[in-house]
Amino acid sequence: MIHRIVQALAAIGINSYFFGWFHGAVYQGPTKQACVPILNCWGCPGARFACPIGNLQHYIGLHLIPFYAAGVFGAVGAAAGRMACGWLCPYGLAQDLLYKLKTFKVRMPKVFSIGKYLMLIGVVGFVVYFTAEPWFCKLCPDGWIIAGLPLVMMDKTGDLKALTGWHYYMKIGLVIFMVMMAIPIKRFFCRALCPIGAIYSVFNRLSILNLRVNKDKCIECDSCQMTCPMDVAPHKSPANLDCIRCLDCVRKCPTKALTYGIK
Amino acid sequence: MIAGILLLAVFIYLIVHGGKLGDFTETKSVASVMCLSCMGIE
């Protein structure tokens, strides 16, 4: 319950420029200098902060070293690994809620996890470097959900509506695809496609805060894996690259074999 | 843990260094306009 409350408060707090939500304007205040450590479109009318992956692409496209974005990702990752994905990401929260719908469920093959590294190196890295265009933003479903949809709906002049075309409709298709995948598969986007998750995952084994398992207490009941929103087995691999440190497993463990703290 | 603390210090330094180079201002100027790519508009 605390986990969900924090996720909801983070989603609201990050997008708390309510004037923008009602008037179709984009926040331009001082906090836009700061990058949030998660995926949250800076084009969203409610966004009070900048998107770190947008910032990263901006600098890669300009062929400059992205000191600030690298620093944000690295500092958050070094402190807590992928914890921001588990506690702060609104898109992660949406997927957690979609997975709760009572339908058939499917386990994603592990090989799909490579997709997020390909997205990071291929799209955010090489494609942006050589085209100087923010190609991940062009594909990002979050951008349509919290920026494209509300801003076009609130467009009073008709200028934005007039500009909608194949790209806009492709994004709608991508959003529908992501929703359809998130209902039967645990956090499909986070595990298979999110470049931010790919960056943080590298830090999961080095971070100051880490998950630990007491093998003497563990009865291998697999309740931790069943409750895990990323479908990892914390009792077998507590520093798994896909672990988002949501700590659902720590709360669920019947023998308290899992703990979280300074490694 | 020592590796984590060292990494944290290095990355905090990168944030400060980026700030000195004007990254905060640049980020604000890029983030304060309607991102047409994000919205799916050409």
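Before moving on, here are some points about what is shown:
- Entirely in region A:1-81, the helices (runs of 4 or more DSSP H) that have 1 or more residues that are closer than 23 Å to residue B:23 by Cβ and either more than 7 Å from chain B (Cβ to nearest Cβ) or in contact with a Leu (Cβ under 9 Å, 6 or more places away or on another chain) (or both): A:2-14, A:52-61, A:67-80
- Filtered by the rule that a residue be in contact (Cβ under 8 Å) with a residue 40 or more places away in the chain and not in a helix (DSSP H, G or I), region A:84-102 gives A:88, A:89, A:101.
- Residue B:42 being at pLDDT below 85 and either surrounded by 13 or more Cβ atoms within 10 Å (Cβ to Cβ) or at the interface with chain A (Cβ under 7 Å from one of its Cβ atoms) (or both): yes
- When residues in region A:126-147 are screened for being more than 18 Å from the chain's Cα centre (by Cα) and among the small types (Gly, Ala, Ser), 1 of them pass.
- So residue A:40, is it buried (at least 16 other Cβ atoms within 10 Å of the Cβ), of a type in the set (S, T, N, Q) and farther than 29 Å from residue A:206 by Cα: no
- Test: residue in region A:108-126 that is facing chain B (nearest Cβ under 10 Å) and outside any helix (DSSP H, G or I): no
The values are calculated or read from the model by the stated rules, or taken from the named source; none is laboratory data. Please read these numbers as outputs of a predicted model, since none were measured by experiment. Because the Cβ atoms are built from the backbone with ideal geometry, glycine has one as well, and the counts that use them run over all protein chains shown.
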